[in-house]
Amino acid sequence: MRSLFPTSKLASVAVALIAFHHHNSCSVHGFAPSSSSILSKASLQITPARSFSHVQANNDSNESSNNSNNVLTGSHINLPTAITSTILTLSLLLQPLTILPASASDYASFTPEQRFISESWRQVDNAFIDRTFNHQDWFQLRQDALKKKYKSMEEAQVEVGTLLSSLGDRYTRYLTPAKYDSIVNAATGNVFGVGVELAQSKEGMRVIASDVEPNGPAAKGGLKPNDMFVEVDGVRFDDGKATPDEVAVVVRGPEGSKVGMVVERDGKIVDFILTRAPVKITSVRSYMGDKPGVDGKVGVIRIKSFSGTTAETVKTELESLKKKGAQNFVLDLRGNPGGLLPGGVDTASLFLEENKPVVFVVNKKGVVDTQSTLVAGIDLDTPLVLLVDKNTASAAEVFTAALKENQRATVAGEQTFGKGIVQTIRQLEGGENGGVAVTIAKYETPQHHDINKQGIPVDVKADVDCGKEDALTCLSKEAFRKL
């Protein structure tokens, strides 16, 4: 496959994130471009999938109410594995960076700090979905910022952060060079990881390994789920202030390089020396089970994130489970931060009749892109339960709402995250000063509900703390009632 990215610096990276990884988890996997089949020469579409050793393209897109963080570090080009494929909403547009000053005379007299501020403002001005800019004089804010004196670029970066925070949208924000690079590196395969998913502990004070990819460097080295990170390559992360994204940045690195990790497990300190490598993320897993009070065996499919291949993989697992005798299905979406929007739409289509609405995407001009099923799915009748939690977000919420509002599935668990907007990521001045993430669109459910900051209510409340390979213990028999 030809590289999407030229050897010269990326001029513009636009990542429309429908699932920009939330702030509650992050993956540290390896990046394997060869496995990504949906990279086109013109664009790379990605949706925040979780942060598995890639950049789960969640560049920080979702921030849960408890400030948990999701992040992908070093990863496989597959949002579920990193940020790969066609993330409908995330489209990495590669094109020469052209700076268009507000007026021809501006740049001639601007200091580097003023040029940086002006360019940051312009990128947001061109793309931001709220054309009232939070009901404020957006141009005057630019003028005020340019009048100030800055002693360093760091001061200008702080000013841009303040400027964007005034928009009232936590997803439209300044990305530091390290944050921006983590996204680009994950997409281009310049960094690799160890196959561990990072998340904030329930108390929100420590970063833990929330999942370990089978056969990855971390699993082979002995790292286990719930291990708490103390130190990575000499950098301490046990002060109660570290985020998954910060740990991920240190875990990632060149393929074949070593990374030292110190974790706390059951009150004891354990250390590892792992070798970074490409890691193919297993985003879909299945197993059979029995549920007292439910007629017939239950097939469980866990979807960790959505990519361009998720629908086909889920279809294969459905057929396999049916052959094993499954008469009911549970789709476990707990902790699924999204991924590629097309992946969520295509997977939902497996269970819906022809011409059923799946999602409506609305851009800054109010233009609506209606996405509906083109043909009937492969399973329209088998009892279906979706198990969700507060970290089920973005493309995973598109999937959930599509099946819920088309009366195809029962939703159990707890109210979902509530991310119904799409971001794009733009590079600033060659990348040395980072970039900006800008909200450019929103989506609505089949019944035209706006779930942003609201989430999707469940039909049946259920415990969500059961094991990731034992979803049935979370559910009551009532969850399997027929619609």
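The values are calculated or read from the model by the stated rules, or taken from the named source; none is laboratory data. Everything numeric here is computed off the predicted structure, so don't read it as measured data. When we count neighbours, we look across all protein chains shown, and the Cβ atoms used for this are built from the backbone with ideal geometry, even at glycine. Heads up: the accessible areas ignore ligands, DNA and RNA and are worked out on the full protein's heavy atoms, side chains in. Shrake-Rupley method; radii C 1.70, N 1.55, O 1.52, S 1.80 Å.
The set of residues in region 105-155 that are of a type in the set (Lys, Arg) and assigned to a loop (DSSP other than H, G, I, E, B) comprises ARG131, LYS148, LYS149, LYS151. For the structure I just gave you, tell me whether PHE306 is under 16 Å from LEU223 (Cβ atoms) and in contact with a Gly (Cβ under 8 Å, 6 or more places away or on another chain). Here the answer is no, as PHE306 does not meet what is asked. Within region 153-194, the set of residues being among the aliphatic types (A, V, I, L, M), open to solvent by less than 30 Å² (accessible area, probe 1.4 Å), at pLDDT 75 or above and within 15 Å of GLN427 (Cβ to Cβ) comprises VAL160, LEU175.
Yes/no matrix, rows are residues, columns are (1) of a type in the set (Lys, Arg); (2) within 30 Å of ARG122 (Cα to Cα):
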| position | (1), (2) |
| --- | --- |
| VAL436 | no, yes |
| GLU444 | no, yes |
| ASP450 | no, yes |
| LYS453 | yes, yes |
| VAL460 | no, no |
| ASP470 | no, no |
| CYS474 | no, no |
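Inspection of region 217-228 finds a residue satisfying the criterion of being assigned to a strand (DSSP E or B), on the phi < 0 side of the Ramachandran plot and surrounded by 15 or more Cβ atoms within 10 Å (Cβ to Cβ). Counting the residues of region 445-461 that are out of contact with any helix residue (DSSP H, G or I) (no Cβ under 9 Å at 6 or more places or on another chain) and assigned to a strand (DSSP E or B) gives 1. When THR439 is tested against (1) hydroxyl-bearing (Ser, Thr, Tyr); (2) outside any loop (DSSP other than H, G, I, E, B); (3) touching a helix residue (DSSP H, G or I) at 6+ places or on another chain (Cβ under 6 Å), exactly one condition is not met: (3). When VAL368, VAL375, VAL411, VAL388 are checked against the criterion of being touching a Lys or Arg at 6+ places or on another chain (Cβ under 6 Å), of a type outside the set (D, E, K, R) and either open to solvent by 10 Å² or more (accessible area, probe 1.4 Å) or under 21 Å from THR473 (Cβ atoms) (or both), VAL411 stands alone in meeting it.
Per-residue answers, yes or no, for (1) surrounded by fewer than 22 Cβ atoms within 10 Å (Cβ to Cβ); (2) touching a helix residue (DSSP H, G or I) at 6+ places or on another chain (Cβ under 6 Å); (3) basic (Lys, Arg); (4) farther than 15 Å from LEU387 by Cα:
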{"residue": "ILE281", "(1), (2), (3), (4)": "no, no, no, yes"}
{"residue": "ARG285", "(1), (2), (3), (4)": "yes, no, yes, no"}
{"residue": "MET288", "(1), (2), (3), (4)": "yes, no, no, yes"}
{"residue": "PHE306", "(1), (2), (3), (4)": "no, yes, no, yes"}
{"residue": "VAL314", "(1), (2), (3), (4)": "no, yes, no, yes"}
{"residue": "LYS324", "(1), (2), (3), (4)": "yes, no, yes, yes"}
{"residue": "ASP332", "(1), (2), (3), (4)": "no, yes, no, no"}
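Restrict the check to region 263-279 and report whether at least one residue is in contact (Cβ under 8 Å) with a residue 24 or more places away in the chain and assigned to a helix (DSSP H, G or I). Within region 263-279, not a single residue is in contact (Cβ under 8 Å) with a residue 24 or more places away in the chain and assigned to a helix (DSSP H, G or I). Evaluating GLN423 against the criteria (1) surrounded by 20 or more Cβ atoms within 10 Å (Cβ to Cβ); (2) out of contact with any helix residue (DSSP H, G or I) (no Cβ under 9 Å at 6 or more places or on another chain); (3) farther than 19 Å from SER307 by Cα leaves one unmet condition, (3).
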